[in-house]
Amino acid sequence: MSAASSETRYRVTGMDCAGCASKIDTAVRKLPGVEEVSVSVSAGTLKVRHGDDVDGDRIMRQVRNLGYGAEPANANAAPGGLSSESGHHSHDDGHGHAHGTASDGDAPWWRTKKAKLTAACGAALLAAYALGHLFPQVERVAFLLALAVGLVPVAWRAITAARYGTPFSIETLMTIAAVGAMFIGAEEEAAAVLLLFLIGEMLEGVAAGRARASIQGLTALVPKTAIVEVNGETTEVPAESLRVGAIILVRPGDRVPADGTITEGASEIDEAPVTGESVPKRKVVGDPVFAGTINAGGVLRVRVTAAAFDNTIARVVRLVEEAQESKSPTERFIDRFSKVYTPAVLVVGALVAVVPPLAFGGAWDEWIYKGLAILLIGCPCALVISTPAAIAAGLSAGARRGLLMKGGAVLETLGKITAIAFDKTGTLTAGKPVVTDIVAGSRPGPYVLSLASALEKGSSHPLAVAILDRARADKVPMPPSFDANAIAGEGIEGGVGGERVFLGSPQAADKRTPLSASQGNAIAALNAEGKTVSVVVVDGTVAGFIAMRDEARPDAVDGLASLKASGIRTVMLTGDNKRTAGAVAAGLGIEARAELLPQDKQRIVRELQAEGFKVAKIGDGINDAPALAAADIGIAMGGGTDVALETADAAVLHGRVRDIPDMIALAKSVMGNIRMNIAIALGLKAVFLVTTVVGITGLWPAILADTGATVLVTANAMRLLGWKPR
């Protein structure tokens with residue numbers, strides 16, 4: 001992006017289909033100074049990259065000219081709502097679109113402008129049938145009036161779209177077909193066809209609203225109020241007013257109102273609403289908690305770490321909305337195809353209407369009728385929505401399970417992945433050491449652990465934390481230690497229960513009291529398994545030793561096996577030593593490359609690509625940045641850190657290896673759905689094209705071919721909202 005460019009996002013209301021998006025895209029691109037435009041129907045957003053001299057009001061005016069509402073998407077507002085800056089009032093454009101505020105966006109579907117227009121058109125058609133039955137002499141006038149109810153707003157939309165750069169819109173095809181039908185005396189059929197078209201548009205609006213609500217539903221998880229504690233006094237305040245650093249009280253059964261860190265208390269936290277993780281997690285002082293999760297246990301005091309507009313859920317919603325704005329290669333191809341396709345349909349319709357009567361003496365009425373039917377069959381609605389509807393549903397289904405993918409292009413590439421390079425620490429392993437072995441020497445195992453934990457109390461070193469966690473889990477006593485002091489490069493020494501105790505490396509312990517051959521062999525065996533050993537020495541004798549290792553995640557074996565079963569090659573890339581890497585890799589059944597620098601990881605990714613593999617790189621998004629950037633897809637693993645979420649193409653929020661094959665399976669489901677949608681859209685058109693030219697079907701089935709296909713394609717895409725991992 002050039003220095004003189006900036007990017008602005010707007011919320012757009014009344015936009016329900018890919019045709020709407022295309023009109024807005026074309027109209028905004030015509031404005032001087034606009035460099036790039038991206039419209040998402042499913043997110044209801046417009047993103048514009050423009051020169052600094054472009055007036056934002058002018059962009060919004062251009063969108064409103066087409067009959068849609070447009071407001072700035074305030075960066076500090078929670079996603080999913082309109083900007084708090086907006087002062088724009090709703091008004092009716094008289095042709096089925098709501099302008100302005102989210103009146104249409106927030107209203108139930110039956111109270112939208114499209115639903116009202118459809119109902120009016122339906123009522124007018126029924127009235128025309130009744131009048132025609134009672135007074136046959138006014139039948140034609142009644143049907144012409146019924147036709148006008150639907151045709152006037154549709155024709156106005158066609159004229160407006162043409163004025164702003166989209167002459168070949170769906171409304172243009174509908175208007176030509178309806179006016180043509182009127183001239184050949186088929187006004188009754190034309191009125192019915194227009195009603196079916198409006199019903200199809202209304203159903204598209206319902207489906208678009210459902211896809212939007214699916215991801216916006218996440219924002220509803222955050223409670224509206226929070227209990228803030230100041231100087232021991234508690235007050236209830238709006239959750240969106242919480243500032244970073246505030247202390248909030250979260251009672252049992254309450255939802256956590258903001259991202260934060262526990263300062264007092266311990267509890268089971270149910271993270272299922274946010275991450276899909278079914279088992280509640282035990283959280284203690286110092287642990288992070290996320291907005292929208294449920295406190296299932298004790299009272300917690302939490303220090304707020306992110307404002308409402310920047311909490312985990314708000315960021316996820318924002319990322320998904322931005323992802324929906326970026327188009328996949330398939331979607332871009334269909335967009336280009338439809339720009340040529342619609343004018344081609346007009347030409348074919350005109351040829352069918354004119355050539356047989358002129359060249360072969362066919363009946364004008366019959367062939368004009370067939371030409372008009374072909375215009376309706378050729379409507380590109382179903383084809384144009386086939387891809388974005390499926391992608392939006394897939395992105396939403398993934399986000400609700402903590403699987404974030406940044407757009408259709410990422411989804412499409414994920415479905416083609418043939419090799420995956422995993423980081424080790426924090427990706428295949430939990431990223432923190434745990435005690436694996438306690439070996440008794442002159443003292444029993446629990447006593448060895450008790451002495452070690454007494455010396456480590458209060459330390460935040462990862463190995464110290466591992467010892468303290470194990471001591472708590474085994475419920476061993478942790479006696480106080482006196483004059484404990486760290487000895488650089490060796491370990492820690494202090495008095496415990498009247499005895500001098502040392503905890504440190506085998507080499508440092510050997511200086512204090514020589515290790516026996518059997519002890520040396522036991523330590524060497526543990527080291528060979530990639531474990532770090534700390535020796536406890538009490539008054540000149542080896543009391544025992546404790547082995548620790550960063551263990552593989554519990555689901556890593558299952559996740560890797562699932563990838564192998566899908567024919568995907570897996571490799572572990574780590575900066576760790578060969579011995580540790582080999583031990584972890586052997587337990588997981590994965591190929592390992594060790595002692596690598598960041599540039600080595602990038603080189604290996606490029607080598608895999610040179611061998612013909614489509615490569616995904618999975619890491620924490622920070623030290624793996626070069627390799628993540630080089631891979632076809634970079635996936636960040638873990639609890640949604642800022643850097644990981646922003647730098648990678650995709651992210652697995654709850655850090656499970658099992659989620660990687662699930663993400664790939666979802667991508668494949670979406671691509672399968674898209675192929676099915678394109679087959680439905682083009683297949684129905686082909687069938688009705690033949691039957692129309694042969695004379696079996698007319699205008700009614702022709703519009704059903706389009707409206708029916710649009711409804712089928714949308715319903716098929718919406719099935720993805722219910723996607724669940726196997």
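The values are calculated or read from the model by the stated rules, or taken from the named source; none is laboratory data. These figures come from a predicted structure and were not determined experimentally. For neighbour counting, all protein chains shown are included, and Cβ atoms are generated from backbone atoms with ideal geometry for every residue, glycine included.
Points to keep in mind about this one:
- Qualifying residue in segment 511-520 (condition: small (Gly, Ala, Ser), within 30 Å of residue 590 (Cβ to Cβ) and not assigned by TED's automatic domain parsing to the domain that holds residue 580): no
- Taken together, the criteria place residue 482 among residues that are among the aromatic types (Phe, Trp, Tyr) and in the same structural domain as residue 518 (by TED's automatic domain parsing).
Okay, residues lined up against (1) at pLDDT below 85; (2) part of a helix (DSSP H, G or I); (3) more than 43 Å from the chain's Cα centre (by Cα); (4) surrounded by fewer than 21 Cβ atoms within 10 Å (Cβ to Cβ):
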residue: 96; (1), (2), (3), (4): yes, no, no, no
residue: 101; (1), (2), (3), (4): yes, no, no, yes
residue: 120; (1), (2), (3), (4): no, yes, no, yes
residue: 128; (1), (2), (3), (4): no, yes, yes, no
residue: 149; (1), (2), (3), (4): no, yes, no, no
residue: 155; (1), (2), (3), (4): no, yes, no, yes
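- Checking each residue of segment 169-184 against the condition of being within 22 Å of residue 21 (Cβ to Cβ) and in a loop (DSSP other than H, G, I, E, B) gives at least one match.
- Any hit, segment 501-509, residues being surrounded by 21 or more Cβ atoms within 10 Å (Cβ to Cβ), of a type in the set (A, V, I, L, M, F, W, C), outside any strand (DSSP E or B) and out of contact with any helix residue (DSSP H, G or I) (no Cβ under 6 Å at 6 or more places or on another chain): yes
- Residue check, residue 530 in contact with a helix residue (DSSP H, G or I) (Cβ under 8 Å, 6 or more places away or on another chain) and farther than 30 Å from residue 283 by Cα: no
- Helices (runs of 4 or more DSSP H) fully within segment 319-408 counting 2 or more residues that are within 27 Å of the chain's Cα centre (by Cα) and crowded, with 18+ Cβ neighbours inside 10 Å: 329-360, 381-399
- Residue in segment 167-177 that is over 29 Å from residue 30 (Cβ atoms) and buried (at least 22 other Cβ atoms within 10 Å of the Cβ) present: no
- Every residue from segment 23-70 that is surrounded by fewer than 24 Cβ atoms within 10 Å (Cβ to Cβ) and touching a residue at least 60 places away in the same chain (Cβ under 8 Å): 26, 27, 29, 30, 38, 45, 47, 62, 65
- Of everything listed in (1) in contact with a strand residue (DSSP E or B) (Cβ under 9 Å, 6 or more places away or on another chain); (2) under 30 Å from residue 177 (Cα atoms); (3) among the charged types (D, E, K, R), the single unmet condition for residue 332 is (1).
- Within segment 427-446, the residues that satisfy the criterion of being outside any strand (DSSP E or B) and touching a strand residue (DSSP E or B) at 6+ places or on another chain (Cβ under 7 Å) are 427, 428, 433, 441, 442, 443, 445.
- Among (1) closer than 21 Å to residue 437 by Cα; (2) touching a residue at least 12 places away in the same chain (Cβ under 8 Å) - the single one residue 599 does not satisfy: (1)
- Within segment 567-607, the set of residues being more than 15 Å from residue 552 (Cα to Cα) and assigned to a strand (DSSP E or B) comprises 569, 570, 593.
- Residue 260 vs. criteria closer than 30 Å to residue 724 by Cα and buried (at least 20 other Cβ atoms within 10 Å of the Cβ): yes
- Only one entry of 687, 670, 652, 657 meets the criterion of being under 20 Å from residue 370 (Cβ atoms) and either surrounded by 20 or more Cβ atoms within 10 Å (Cβ to Cβ) or more than 21 Å from the chain's Cα centre (by Cα) (or both), and that entry is 687.
- Selection count, segment 293-318, where residues are out of contact with any strand residue (DSSP E or B) (no Cβ under 6 Å at 6 or more places or on another chain), surrounded by fewer than 23 Cβ atoms within 10 Å (Cβ to Cβ) and in a loop (DSSP other than H, G, I, E, B): 3
- Candidates 58, 49 - the one that is at pLDDT 90 or above, part of a strand (DSSP E or B), out of contact with any Gly (no Cβ under 7 Å at 6 or more places or on another chain) and more than 22 Å from residue 383 (Cβ to Cβ): 49
- For segment 694-711, filtering for residues that are surrounded by fewer than 17 Cβ atoms within 10 Å (Cβ to Cβ) and touching a residue at least 24 places away in the same chain (Cβ under 8 Å) leaves 2.
- Of all residues in segment 133-159, those that are farther than 18 Å from residue 185 by Cα have Cβ atoms under 8 Å from Cβ atoms of residues that are among the aromatic types (Phe, Trp, Tyr) and in a helix (DSSP H, G or I), 6 or more apart or on another chain, in 154/197.
- Verdict on residue 213 being under 18 Å from residue 700 (Cβ atoms) and free of Cβ contacts under 8 Å to residues at least 40 places away in the same chain: no
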